[in-house]
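What follows is a short report on a single structure.
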Amino acid sequence: MNWLNHISVAGAICATVSPPHVAVCVAGATAPDWLEYVFKAFNRKIKHRGPTHILTHWLIAAITFTFVWDYHGIGTAFAWGGVSHILTDAMTVSGVPFSPYIDRRFHLFGGRLRTGDPIEYAISGGVVIACIGLMQLTGGQGFAPFF
């Protein structure tokens, strides 16, 4: 998926759960991709959807920040944004690594999407609309300029 869709999916879900953390969640939702550039800046060449896209690493970070230790929800929002990135990339043809110890790639829904396909935007839009609906059903009030 492209960054626009990663941002909209993570931002909509985070706005439903914790609106003040949307910016941090969006940073986490793009982190697996921009971390590749950070590694390249330090002369560590890694391939796209390689070590920065491992599902188990992001899940462990998200669960640890959620249940063990966190500072004002910042780590939790960042890590769950990363998880959303990995799960949306898992819908694509190339998939993502599940674990560094398994050679097979992880796919959701058969991994039939190609980056840039119109269905990618439809899925993203569907998630945003579902989050807006959930906010309306639960009576989401207060600071929510995202919707």
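Scanning region 102-118 for residues that are under 11 Å from THR88 (Cα atoms) and either free of Cβ contacts under 8 Å to residues at least 24 places away in the same chain or among the charged types (D, E, K, R) (or both) turns up HIS107, LEU108, PHE109, GLY111.
THR115 satisfies every condition listed in (1) open to solvent by less than 40 Å² (accessible area, probe 1.4 Å); (2) among the polar types (S, T, N, Q); (3) assigned to a loop (DSSP other than H, G, I, E, B) except (1).
Within region 1-34, if we keep just the residues that are of a type in the set (A, V, I, L, M) and open to solvent by 50 Å² or more (accessible area, probe 1.4 Å), the residue that is nearest to THR66 (Cα to Cα) turns out to be VAL17. Taking region 35-49 as the range and being under 16 Å from VAL96 (Cα atoms) and either part of a helix (DSSP H, G or I) or open to solvent by less than 30 Å² (accessible area, probe 1.4 Å) (or both) as the test, the residues that pass are LEU35, GLU36, ILE46, ARG49.
Quick check: anything in region 118-133 open to solvent by less than 60 Å² (accessible area, probe 1.4 Å) and in a loop (DSSP other than H, G, I, E, B)? Scanning region 118-133 turns up no residue that is open to solvent by less than 60 Å² (accessible area, probe 1.4 Å) and in a loop (DSSP other than H, G, I, E, B). If you check TRP69, TRP80 for being more than 19 Å from GLU120 (Cα to Cα), of a type in the set (Phe, Trp, Tyr) and modelled with pLDDT of 90 or more, only one passes: TRP80.
Anything in region 100-110 that is loosely packed, with under 15 Cβ neighbours inside 10 Å and under 17 Å from the mean Cα position of the chain (by Cα)? List them, or say none. Scanning region 100-110 gives a single hit, PHE109.
Within region 66-83, being open to solvent by 20 Å² or more (accessible area, probe 1.4 Å), of a type outside the set (Val, Ile, Thr) and assigned to a helix (DSSP H, G or I) holds for PHE67, PHE78, TRP80. Go through (1) under 22 Å from ILE7 (Cβ atoms); (2) at pLDDT below 90; (3) not hydroxyl-bearing (Ser, Thr, Tyr) one by one and return the number of the condition LEU59 breaks. With (1) under 22 Å from ILE7 (Cβ atoms); (2) at pLDDT below 90; (3) not hydroxyl-bearing (Ser, Thr, Tyr) applied to LEU59, the lone miss is (2).
The values are calculated or read from the model by the stated rules, or taken from the named source; none is laboratory data. Everything numeric in this text was worked out from a predicted model, so none of it was measured. Neighbour counts run over all protein chains shown; Cβ positions are idealised from the backbone, glycine included. Each accessible area value is taken on the protein alone, full model and side chains, heavy atoms only, with ligands, DNA and RNA left out. Shrake-Rupley method; radii C 1.70, N 1.55, O 1.52, S 1.80 Å.
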